[in-house]
Amino acid sequence: MSLTRQDLDKIAHLARLQITAAESERYVSSLSSIVDFVAELGKVDTQGVAPMAHPLVGQVQRLREDAITETDQHERYQRNAPQVQAALYVVPRVIE
Amino acid sequence: MTLHTQTLAELRQLLDGGKVSSAELTEHFLERLARVGPELNALITLTADQARAQARAADRRRAAGEKGPLLGIPLIHKDIFCTEGVKTSCGSRMLDNFVSPYDATVVSRLKAAGAIMLGKSNMDEFAMGSSNETSFYGPVKNPWDLTRVPGGSSGGSAAAVAAGLCVYATGTDTGGSIRQPAALCGVTGFKPTYGRVSRYGMIAFASSLDQAGVFAHSAADVAQVLGVMAGFDERDSTSVDAPVPDYAAGLAAPLKGLTIGLLREFFDGLEPRNAALVQAGIDELRKLGATTREVSLPHLPLSVPTYYVVAPAECSSNLSRYDGVRFGHRCDNPKDLLDLYERSRGEGFGTEVKRRIMTGTYVLSAGYYDAYYLKAQQVRQLITDEFRRAFQSVDVLVGPTTPTPAFAIGAKVDDPITMYLNDIYTIGANLAGLPAISVPCGFVDDLPVGLQLVGPHFAEGRLLQAAHGFQQVTDWHRRRPPAYA
C-alpha cells in the first residue's frame, strides 16, 4: 500500500508538523515503505490474543492518594519558557 | 599508571588507599576529554566546573571516612537524563535551549553516591536512531575507526567509555540503544528489566519500552553501578517495587548447571564471521559448565515490524508536549497558534524524529488503530509469551547483539528500513521487558563484536554472573582502541 501526497499532508497536519514540499516527497516514499514493512503483522493469526497492556505480568498502574504533593515553583519552571508575562505563558491571540 | 584503564574496583582501592584523589582522577579525565573528546564528538556538554566541585566534595566525604563503590569516580550521563541547572538537549534542536530545573532519579541517585559528572553525552535525537547520525549535534565517531558509526542511540556514552573518557556512562535502551552501541564500540552494555530503574526525569521516547542502563568495561563494573541506579521510585508510575539484590556480591557464583538457550532465530541473517565469534563465546560458557539447548521463538522475526508500530505510536504521543509554548524551541513571529505549533515543531525536530511522529500518528489515526496498533500489541503479547515459555526450559538466551560490526558513517542514512534492521536481535527484549547484556566477544576486521545474553524478568543477577564468568576467561573486554589506549 502506498501513501499519497494528500495522505502525508493530512498526517503532518494531525501531528502539527510543518513539512516543506521537498521533505514531503521524501516522506511519502519512506513512510510508504514503513507502512508496507509493518503490514506484515496483518498476516499473523491473533484470534483471541489480548493486546499487551504492560510488559510485566500482573502489573497494573499504581494509584496514589489524591493529595497535594507539588509546591508552587512556576518561576523556576518558567525560566525555560520562550515568552512569559505576569506568570502566564504568552501565545499568539486565539480569540478575536 | 594509566588511570583511564582501571576498573571501578581498582580505582576505589586507589582512592581508599590515598594513592590518588578524586580531584586528580577528575583532572585526568577532563584532560583526556579536552584532548581527544572533540574528534569523537562524544559529548554535547562538558561540565568541568561542576565536576571539579563534585570531586572536591567527594574527597572531603572520603576524608571523613565515607566509603562507597562510586564515591569520587567520574561518569558521563546520556543527554536524555535531566540534570538540574545543566543543558539537557536529548540530541535535539527542540531542546537546545533547555536547562533542566530538576534531576532525573538516575542522576540524583548517582549524585548521592558521590559520582562525578564530567558531562552529557551525544545521542541520536530523542533516542531515535541506531547510528548516532540523527543527533542535532552531528554524529559521534567510533573510537575503533573514526569513519564508522558508534551505534545508537546512546552512541556518545558507548564511545566515551571505549575511548577511556570516563569510567562508566549511563544510557537508555528502547530497542537496543545500549546493547547495540556497546557491541559496536567493544564495551559492556546492560539493559535491566523494564521498571527496574526509574524513568523519572528520563526524557520519554516510548514509555512502555524505555529503560535506563549502564555502559562500563566489565560486568563487574556494571554490577556496582546498577546496584546504585536500580530500585523503586514512586515518581515513576511503572517503577517496580521489589528489593534490589547485591549484584556485585553475587558475581562469583559458578556457571555450572546454567542452561543456555540458543535461539534459532538469532542466527538468521547473521554475518558468518560474527556467527563464528558468537559460537566461540558460547563454547567458552560451555567450558565453564553451562549446558546448551536449541530453542525457537517463531514470532520473534516479527519483532522489528511490531516495534515500528508500538514505538512510533508512543513517540507521537510523548512528543506532542513540544509545542513551543512552555519550553523548547519556538519559531520566530508566529502568525497564529497553529502556525506556532507547526513551525516550532517543524523546525525543532529533525528528519528521523518527524518520520517517527508521522508513522505513529498514522498508525493511531481513525480507521487504522485496530489494523496497526492493536494488532502490534497482540503480536507483542505472542512474542512475550514465547519468551516466557523459552525461559521454562533455559536460564538465559545467548546470541549475537548485532548482525554486523560498525558500519560506515552515511552508509544507511537514506534507507530507514535497513537502519531499523540493525536492532533485529535487540528489540525482542524491549517488547517483552526483559533484561539483557552485551559483552565484547572478538573482532572482525579490527572492529568489535558483541555477544548478547537475555534473561527472564528480574534475572539481572544471573545475567551479570554469566557475563562476569565469561570475562574471567576471556580478555576481549580489556582491549582498547589503539588510538585511545
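To the nearest 500 deg cm²/dmol, what mean residue ellipticity at 222 nm is calculated for chain B from DSSP H runs of n ≥ 4 alone, each contributing -39,500 (n - 2.57), summed and divided by the residues?
Helix-only estimate at 222 nm: -11500 deg cm²/dmol.
So if I place +1 on the C-beta of Lys and Arg and -1 on the C-beta of Asp and Glu, and nothing else carries charge, what would the dipole magnitude of the range B:300-379 be about its Cα centre? I want it in debye, nearest 20.
The dipole magnitude comes to about 100 debye.
Can you give me the relative contact order of chain A as a percent, contacts being Cα pairs under 8 Å and 6 or more apart?
About 20 percent, as a whole number.
For B:339-346, what's the mean count of beta carbons from other chains sitting within 10 Å of each residue's beta carbon?
Per-residue shielding by partner chains comes out at 5.
Which of B:303, B:358, B:369 sits closest to the plus end of the dipole of the range B:301-381, meaning its Cα is farthest towards the positive end, when Lys and Arg get +1 and Asp and Glu get -1 on the C-beta?
B:303
Highest first, please rank the peptides B:138-151, A:39-52 by the mean number of other Cβ atoms sitting within 10 Å of their residues.
Taking the mean over residues of other Cβ atoms within 10 Å, the ranking is B:138-151, A:39-52.
Could you tell me which residue out of A:33, B:155, B:485 lies farthest along the dipole of the protein assembly as shown toward its positive end? Charges go on the beta carbon: Lys and Arg +1, Asp and Glu -1, centred on the Cα centre.
So the residue we want is B:485.
Classify the range B:300-379 as rounded, prolate or oblate, taking a ≥ b ≥ c as the square roots of the eigenvalues of its Cα gyration tensor: rounded when a/c is under 1.5, otherwise prolate if a/b is larger than b/c and oblate if not.
prolate
Starting from the Cα of residue B:291, step 7 Å along the direction of its Cβ; do the same at residue A:21; then give the gap between the two resulting points in nm.
It is 6.9 nm.
Could you order the peptides A:69-77, B:360-368, B:378-386, B:252-260 from most to least packed, using the average number of other C-beta atoms within 10 Å per residue?
Ranking, from highest mean packing down: B:378-386, B:360-368, B:252-260, A:69-77.
Suppose R0 equals 41 Å. What FRET efficiency, 1/(1 + (r/R0)^6) with r the Cβ-Cβ distance, do residue B:147 and residue A:88 give to the nearest 0.05? Don't skip to the end; give the middle numbers.
On the way: r = 51 Å, r/R0 = 1.24.
Plugging the Cβ-Cβ distance into 1/(1 + (r/R0)^6) gives 0.20.
Once phi is turned into θ = phi - 60°, what whole-Hz ³J(HN,Hα) does the Karplus curve with 6.51, -1.76 and 1.60 give for every residue of the range B:117-127, x standing for Gly and Pro?
Once θ is set to phi - 60°, the couplings for the range B:117-127 become 8, 7, x, 10, 8, 5, 7, 4, 4, 6, 6 Hz.
Rounded, prolate or oblate, given the Cα gyration tensor of the protein assembly as shown, with a/c below 1.5 counting as rounded?
oblate
At R0 = 41 Å, how high is the FRET efficiency between residue B:35 and residue B:347 if r is their beta carbon distance? Nearest 0.05 is fine.
0.70
Which whole-number percent is the relative contact order of chain B (Cα, under 8 Å, 6+ apart)? Don't skip to the end; give the middle numbers.
Details: 1161 pairs, mean separation 86.9, N = 485.
RCO, chain B: 18 percent.
Go through A:84, A:18, A:61 and say which Cα lies farthest out towards the positive end of the charge dipole of chain A; charges sit on Cβ, +1 for Lys and Arg, -1 for Asp and Glu.
So the residue furthest toward the plus end is A:84.
Work out the length of the dipole vector of chain B about its Cα centre, built from +1 on the beta-carbon of each Lys and Arg and -1 on the beta-carbon of each Asp and Glu, and round it to the nearest 20 debye.
Its charge dipole is roughly 680 debye.
What is the sum of charges, Lys and Arg at +1 and Asp and Glu at -1, for the other residues whose Cβ falls under 15 Å from the Cβ of residue B:295?
Overall, the nearby charge balance is -2.
Mind ordering B:208-214, B:387-393, B:445-451 by average Cβ neighbours within 10 Å, highest first?
Put in order of decreasing packing, that is B:208-214, B:445-451, B:387-393.
Can you give the extra length, in nm with one decimal, that the chain gains between residue B:268 and residue B:332 once fully stretched, where that is 0.36 nm per residue apart less the Cα-Cα distance?
The residue B:268-residue B:332 span can extend by a further 18.0 nm.
By the scheme Lys and Arg +1, Asp and Glu -1, what is the net charge of all other residues having a beta-carbon under 11 Å from that of residue B:222?
On the way: positive: B:191; negative: B:221, B:460.
In short, -1.
How would you rank B:94, B:123, going from fewest to most other Cβ atoms within 10 Å of each one's own Cβ?
On the way: B:94 25, B:123 35.
Sorted ascending by nearby Cβ count, the order is B:94, B:123.
For the protein assembly as shown, what is the charge dipole size about the Cα centre, in debye to the nearest 20, if Lys and Arg each add +1 at the Cβ and Asp and Glu each add -1 at the Cβ?
It comes to approximately 880 debye.
Which of rounded, prolate, oblate describes the range B:57-197, given a ≥ b ≥ c as roots of the alpha-carbon gyration tensor eigenvalues and a/c under 1.5 marking rounded, otherwise prolate only if a/b is larger than b/c?
Prolate shape, in that a/c is at least 1.5 and a/b is the bigger ratio.
Every number here is computed from the coordinates shown, using simple stated rules; none is lab data. Note that the structure is predicted; figures quoted are calculated from it, not measured. Glycine gets a Cβ as well: all are built from the backbone with ideal geometry, and neighbour counts include every protein chain shown.
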